[in-house]
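Student: I have a structure here, written as structure tokens, and I will follow up with some questions on it.
The values are calculated or read from the model by the stated rules, or taken from the named source; none is laboratory data. Here the structure is a predicted model, which means the values were calculated and not measured. Cβ placement follows ideal geometry from the backbone for every residue including glycine, while neighbour counts extend to all protein chains displayed. Note: accessible area is taken over every heavy atom of the protein model, side chains too, but ligands, DNA and RNA are not part of it. Shrake-Rupley method; radii C 1.70, N 1.55, O 1.52, S 1.80 Å.
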Amino acid sequence: MIVPKAFAILIVLNSLMHSNALLRNDLSNQIESAISQATKQIELVRIQSKVPGISVGVSYRGEEIWADCFGFANLEAGTPCSSRSLHRIGSITKSVSMLLLGKLLEENRLDLDRTIYDYLGDRFPQKTFNGNEVNITLRQLVSHMGGIRHYLSDTEFYQKVGCDSIYESLNYFKDDPLIAAPGTEHHYSSFGFVTIGAVLQSVLNENETFESAMLNILKNQLGMRETYFDEVYEILLNRLSYYEVNAGNQLEIAPFVDASCRWPGGGMLSNVHDLLKFGNVMIDSSKTDVGFLRKTTVDRLWEKVVATGTNDLFNTFYGMGWELLERKSTNCTQCETVPFSLAVGHSGGSSGAIAYFLIVPEEEMVVSLLTNVSPLPALRQLGIDIMSTFIEHVNQADYSREGESSHGNAISTNTNMVTLFILTIVFIGNLLRDF
């Protein structure tokens, strides 16, 4: 026979279990609704922009909640794509490269404010601007303020001849004049990030290369085992084909490119699963000093260094290898349609590939979009729209929101689970005493 005290505890236990089940079911229903809406958004862009394939991934509070692919990995063979399809991620590689830079900073092997000549020596010639010798620092390069130029032509963008080392990559631009005095102007530059890679290489152990150090972090430490450098002659499972929309608005095979001369700035392949892992590594590291990177390091990477633009909804900035979107707070009648105040991420463009990657730290949500076509200017807005769709839906799953409104559901659920565990122990203890 259950005595009154134990019976009361049993009622509370049943109530909490029922409450948690409702919360989980409602969140699941809201996620399904978000997936349905986002699918329509993706298919609309895919049809309007003639996209062969779009891979999408979404994670929420550390869990992958959606991963899929729409369309084809190869049009000629009619091969459908999948969420495991390997895409060129272009300049998202710049953000990934910051993992190695951040680690080396934490190990005091790098100094952001030392001149790059201290690291590269005669591998990089002393630069002048307006007839005066100038120094270039790592801090300037990671924010595209080093004065080093970007690609000048399609010949450079669609480079056919590869490089055997990161130092060899410098040969394509190191002797060219600066386009601005270092530290004075923002000029986006993948060659600037090649220079960063050479600096990182210079402080690694003798038996390490930039590539081996990066792959050790990604595959062995972070579990991103489906991320590679885009070795054009290597056979890789799930690598898809690449296409371009030509001047006549028709699809054609994208030009051949060898990205080995620009590994640090735009030379990686990945899929949405691995990029969601990357996003969650950054979110976890942004909260505490016991993540892969320290919180103080992530704060530096995500600090607004230079303003880069504005539109109806956002002011945009560049940090250290990361773009930041800050929702406007004044004179913006449409801003309330965006359910987040700050996002960090990066876009990527390669031969036959456009990619977009976005994190909203306050919601602990990550969105990754990867395609096998270029150009595709609509992809960035699609990423923002999908992020907004999922945030709106998962927030509707919260019945009672108190304190930090965006996390009420998680807080109440976690509290209930702790309470449930304690009451279970008390319940068992009372039963043992009563009998």
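Student: Counting helices only, and only those DSSP H runs with n ≥ 4, report the 222 nm mean residue ellipticity of the chain as the sum of -39,500 (n - 2.57) divided by its residues, in deg cm²/dmol to the nearest 500.
Tutor: Taking each H run of at least 4 residues, the total per residue is -12000 deg cm²/dmol.
Student: What nm distance separates the two modelled labels at LEU342 and ASN132, each placed 7 Å from Cα along Cα→Cβ?
Tutor: Taking the two extended label points, one gets 3.5 nm.
Student: What percent do you get for the relative contact order of the range 159-294 when only Cα pairs under 8 Å and 6+ apart count?
Tutor: Relative contact order of the range 159-294: 31 percent.
Student: If you average the alpha carbon positions of the range 84-112 and of the range 335-367, how far apart do those two centres end up, in angstrom?
Tutor: Answer, in whole Å: 17.
Student: May I pose another question? Mind listing the phi-derived Karplus ³J(HN,Hα) values for the range 112-122, rounded to whole Hz, using 6.51, -1.76 and 1.60 with θ = phi - 60°, and x for any glycine or proline?
Tutor: Karplus values, whole Hz, x for Gly and Pro: 4, 9, 7, 5, 5, 5, 5, 9, 9, x, 7.
Student: Cα axis of helix 4-48 to longest principal axis of the chain: angle in degrees, 0 to 90, nearest 10?
Tutor: Once rounded, one gets 30 degrees.
Student: Hey, what do the phi angles of the range 258-265 turn into as Karplus ³J(HN,Hα) couplings, whole Hz, using 6.51/-1.76/1.60 and θ = phi - 60°, x for Gly and Pro?
Tutor: After applying 6.51 cos²θ - 1.76 cosθ + 1.60, I find 10, 8, 5, 8, 9, 3, x, x Hz.
Student: Here is a follow-up. Which ³J(HN,Hα) values in Hz, rounded to whole numbers, follow from the phi angles of the range 275-288 under the Karplus curve 6.51 cos²θ - 1.76 cosθ + 1.60, where θ = phi - 60° and Gly and Pro get x?
Tutor: Result, rounded to whole Hz: 5, 5, 4, 4, x, 6, 4, 5, 4, 4, 5, 6, 9, 8.
Student: Still on this model: Only bridges with both residues in the chain count here: give the DSSP antiparallel percent, nearest 5.
Tutor: Of the beta bridges lying entirely in the chain, close to 95 percent run antiparallel.
Student: I've got another one for you. Could you work out the relative contact order of the chain, using alpha carbon pairs under 8 angstrom and six or more residues apart, expressed as a whole percent?
Tutor: 23 percent.
Student: Just to confirm, what accessible area per residue do you get for the chain at 1.4 Å probe, in whole Å²?
Tutor: Accessible area per residue, the chain: 45 Å².
Student: Order 235-247, 141-153 from most to least packed using the mean count of other Cβ atoms within 10 Å.
Tutor: For the peptides 235-247, 141-153, the packing ranking is 141-153, 235-247.
Student: On the accessible surface of the chain, probed at 1.4 Å, how many percent belong to carbon and sulfur atoms?
Tutor: Within the chain, the accessible surface is 52 percent carbon and sulfur.
Student: May I pose another question? Which order do the peptides 221-232, 384-395 take when ranked by the mean count of other beta-carbon atoms within 10 Å per residue, highest first?
Tutor: Peptide ranking by packing, descending: 384-395, 221-232.
Student: Please list, in chain and number order, the residues 5+ apart from PHE292 or on another chain whose amide H is under 5 Å from its amide H, with Hs placed from the backbone.
Tutor: When sequence neighbours closer than 5 places are left aside, the close amide H contacts are SER285.
Student: Quick one, which of (i) 21.1, 69; (ii) 24.7, 95; (iii) 22.8, 75 is the actual Rg and Dmax of the Cα atoms in Å calculated for this model?
Tutor: Structure-derived value, by its label: (ii).
Student: Hey, another quick one. Quick check: the distance between the Cα centres of the range 124-164 and the range 312-331, to the nearest angstrom?
Tutor: 25
Student: Mind checking the angle between helix 190-203 and the chain's longest principal axis? C-alpha axes, 0 to 90 degrees, to the nearest 10.
Tutor: Tilt relative to the chain: about 80 degrees.
Student: Once amide H atoms are placed 1.01 Å from N in the peptide plane, what residues at a sequence separation of 5 or more from VAL373, or on another chain, have their amide H within under 5 Å of its amide H?
Tutor: Under 5 Å from the amide H of VAL373 lie the amide H atoms of TYR243, ALA353, ILE354, each far enough along the sequence or on another chain.
Student: Note the angle between two axes, namely the Cα long axis of helix 379-396 and the longest principal axis of the Cα atoms of the chain, as a number of degrees from 0 to 90, rounded to the nearest 10.
Tutor: The angle comes out at about 10 degrees.
Student: Amide H to amide H, which residues 5 or more places from PHE72 or on other chains are under 5 Å from it, using H placed in the peptide plane?
Tutor: GLY53, ILE54, CYS81
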